[in-house]
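Report on one structure; see the data block that follows.
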Amino acid sequence: MIFINSIILMGALGLVFGTFLAFAAKKFEVKEDPRLTKIMEALPGVNCGACGYPGCEAFAKAVLKGDAPHDGCLPGKRQGVPDKIKNILEE
Amino acid sequence: MKIFLIFMSAILVNNFVLQRFLGICPFLGVSKKIDTAVGMSLAVIFVMVLASVITWLLNGLLVLMGLSFLKTIVFILVIASLVQFVEIFLKKVSPGLYEALGIFLPLITTNCAILGLALLNIQNNYGLLETIFNSLGAGFGFGLALILFAGIREQLDFADIPKPFKGLAGTLITAGILSMAFVGFSGMIKL
């Protein structure tokens, strides 16, 4: 009984907080450059930091600013990421 | 009267950073400049008060259901959600502060001062009003320690410090001395 109560409680709490956060994320949405989302989707998304930036989002922002080279993403080099970035930036 | 004593005790006598040694990570990490220290303190006060109230209420529910053993994980869930909300809010309202705080904003989740505060409220059997004032005091105490230390560090940047003491070494020693100074407050308030 305790077992089931615990599961129900944790599940309910997770649902409540998750919904609250989803609502907050929608309400306080920050309009970002659509190319940023496209570049982030092209990246592997591993957040390994091999590019020298704290996470994939930071690298994508640096690429948009022109600070980072297109082939800065090490795991992405094999997956054709530099070409994808070139296409996105040329659009 | 007791509420006022709890409030003052949390700020001075039992300062969360300098007496209880909780929340040292942001204390050392965000205290380089006074501006970021103030921003961080406000975020922490907000999270502390809200987290304490919500966890206090949820603890009532847990005790009712006989699930007190879930305290730790439920409290962490509450704190993590609140910090995520603060992140979302700050990113929209003050992107400058968001970038300045960097990784230390999500690290508030792992700040043991917040969980410690929530657990202490339960341990001391505080009512709701006492909980609120304890958290306000804890938050202000954290802010006080942080801003004081930021001021000291900003001044130390101009001082002529011998090479072995430069950087983190000197910072840690200074933190210890500041903590010793706060020991002067002990015994001032008997709760």
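Take B:V63 and decide whether it is within 11 Å of chain A (Cβ to nearest Cβ) and either over 16 Å from A:E29 (Cβ atoms) or within 21 Å of the chain's Cα centre (by Cα) (or both). Spell out how you get there, then give the answer.
Numbers: within 11 Å of chain A (Cβ to nearest Cβ): no; either over 16 Å from A:E29 (Cβ atoms) or within 21 Å of the chain's Cα centre (by Cα) (or both): yes.
For B:V63, the condition - within 11 Å of chain A (Cβ to nearest Cβ) and either over 16 Å from A:E29 (Cβ atoms) or within 21 Å of the chain's Cα centre (by Cα) (or both) - is not met.
Of all residues in segment A:38-91 being open to solvent by 40 Å² or more (accessible area, probe 1.4 Å) and among the aliphatic types (A, V, I, L, M), which is farthest from B:G102 (Cα to Cα)?
A:L89
Please verify whether A:F3 is more than 14 Å from the chain's Cα centre (by Cα), closer than 30 Å to B:F85 by Cβ, within 14 Å of chain B (Cβ to nearest Cβ) and at pLDDT 80 or above, treating the condition exactly as stated. Please lay out each step first, then the result.
Working: more than 14 Å from the chain's Cα centre (by Cα): yes; closer than 30 Å to B:F85 by Cβ: no; within 14 Å of chain B (Cβ to nearest Cβ): yes; at pLDDT 80 or above: yes.
No: the conditions fail for A:F3.
Tally the residues that are in contact (Cβ under 8 Å) with a residue 24 or more places away in the chain and open to solvent by 90 Å² or more (accessible area, probe 1.4 Å), restricting the search to segment B:153-171. First the steps, then the outcome.
Keep residues of segment B:153-171 that are in contact (Cβ under 8 Å) with a residue 24 or more places away in the chain, which gives B:153-154, B:168, B:171.
Filter once more, so that each one left must be open to solvent by 90 Å² or more (accessible area, probe 1.4 Å): B:168.
Residues flagged as in contact (Cβ under 8 Å) with a residue 24 or more places away in the chain and open to solvent by 90 Å² or more (accessible area, probe 1.4 Å) within segment B:153-171 amount to 1.
A:E29 - would you say it is away from chain B (no Cβ under 14 Å) and either closer than 30 Å to B:L64 by Cα or loosely packed, with under 13 Cβ neighbours inside 10 Å (or both)?
Working: away from chain B (no Cβ under 14 Å): no; either closer than 30 Å to B:L64 by Cα or loosely packed, with under 13 Cβ neighbours inside 10 Å (or both): yes.
In short, no.
Quick check on segment B:91-104. Is at least one of its residues within 10 Å of chain A (Cβ to nearest Cβ) and in contact with an Asp or Glu (Cβ under 8 Å, 6 or more places away or on another chain)? If you could, list the steps in order and put the result at the bottom.
The first filter runs over segment B:91-104 and keeps only residues within 10 Å of chain A (Cβ to nearest Cβ), leaving B:91-93, B:95, B:98, B:102-103.
Filter again for in contact with an Asp or Glu (Cβ under 8 Å, 6 or more places away or on another chain), leaving B:92, B:98.
Among the residues of segment B:91-104, at least one is within 10 Å of chain A (Cβ to nearest Cβ) and in contact with an Asp or Glu (Cβ under 8 Å, 6 or more places away or on another chain), which makes the answer yes.
Quick check on B:L58: is it touching a residue at least 12 places away in the same chain (Cβ under 8 Å), more than 30 Å from B:T171 (Cβ to Cβ) and either surrounded by 18 or more Cβ atoms within 10 Å (Cβ to Cβ) or within 14 Å of chain A (Cβ to nearest Cβ) (or both)? Lay out the reasoning, then the answer.
Details: touching a residue at least 12 places away in the same chain (Cβ under 8 Å): yes; more than 30 Å from B:T171 (Cβ to Cβ): yes; either surrounded by 18 or more Cβ atoms within 10 Å (Cβ to Cβ) or within 14 Å of chain A (Cβ to nearest Cβ) (or both): yes.
Considered against the rule, which asks whether it is touching a residue at least 12 places away in the same chain (Cβ under 8 Å), more than 30 Å from B:T171 (Cβ to Cβ) and either surrounded by 18 or more Cβ atoms within 10 Å (Cβ to Cβ) or within 14 Å of chain A (Cβ to nearest Cβ) (or both), B:L58 comes out as yes.
Any residue that is within 14 Å of chain B (Cβ to nearest Cβ), more than 26 Å from B:K91 (Cβ to Cβ), of a type outside the set (K, R) and open to solvent by less than 40 Å² (accessible area, probe 1.4 Å) - is there at least one of those in segment A:9-22? Lay out the reasoning, then the answer.
Residues of segment A:9-22 that are within 14 Å of chain B (Cβ to nearest Cβ), as a first pass: A:9-22.
Then keep just the ones that are more than 26 Å from B:K91 (Cβ to Cβ); that gives A:9-12.
The next check asks that each one be of a type outside the set (K, R); those that pass are A:9-12.
Of the ones still in play, those that are also open to solvent by less than 40 Å² (accessible area, probe 1.4 Å) are A:9.
Looking for residues that are within 14 Å of chain B (Cβ to nearest Cβ), more than 26 Å from B:K91 (Cβ to Cβ), of a type outside the set (K, R) and open to solvent by less than 40 Å² (accessible area, probe 1.4 Å), one finds at least one in segment A:9-22, hence yes.
With the condition kept exactly as written, say whether any residue in segment B:74-83 is within 11 Å of chain A (Cβ to nearest Cβ), over 17 Å from A:G11 (Cα atoms) and within 20 Å of the chain's Cα centre (by Cα).
Yes, the conditions are met somewhere in segment B:74-83.
Could you tell me whether any residue of segment B:91-108 is touching a Lys or Arg at 6+ places or on another chain (Cβ under 6 Å) and open to solvent by 10 Å² or more (accessible area, probe 1.4 Å)?
Of all residues in segment B:91-108, those touching a Lys or Arg at 6+ places or on another chain (Cβ under 6 Å) come to B:98.
Checking the rest, the ones that are also open to solvent by 10 Å² or more (accessible area, probe 1.4 Å) come to B:98.
Yes; the residues of segment B:91-108 include at least one that is touching a Lys or Arg at 6+ places or on another chain (Cβ under 6 Å) and open to solvent by 10 Å² or more (accessible area, probe 1.4 Å).
Looking at B:F69, is it touching a residue at least 24 places away in the same chain (Cβ under 8 Å) and of a type in the set (F, W, Y)?
no
Condition first: closer than 23 Å to B:I88 by Cα, assigned to a loop (DSSP other than H, G, I, E, B) and within 14 Å of chain B (Cβ to nearest Cβ). Can you find one or more residues in segment A:54-70 that meet it?
yes
When you go through (1) part of a loop (DSSP other than H, G, I, E, B); (2) within 14 Å of chain B (Cβ to nearest Cβ) one by one for A:G45, which number turns out not to apply?
(2)
The values are calculated or read from the model by the stated rules, or taken from the named source; none is laboratory data. The shown structure was predicted, so the numbers you read here are calculated from the model rather than taken from an experiment. Glycine gets a Cβ as well: all are built from the backbone with ideal geometry, and neighbour counts include every protein chain shown. What goes into the accessible areas is simple: the full protein's heavy atoms, side chains included, and nothing from ligands, DNA or RNA. Shrake-Rupley method; radii C 1.70, N 1.55, O 1.52, S 1.80 Å.
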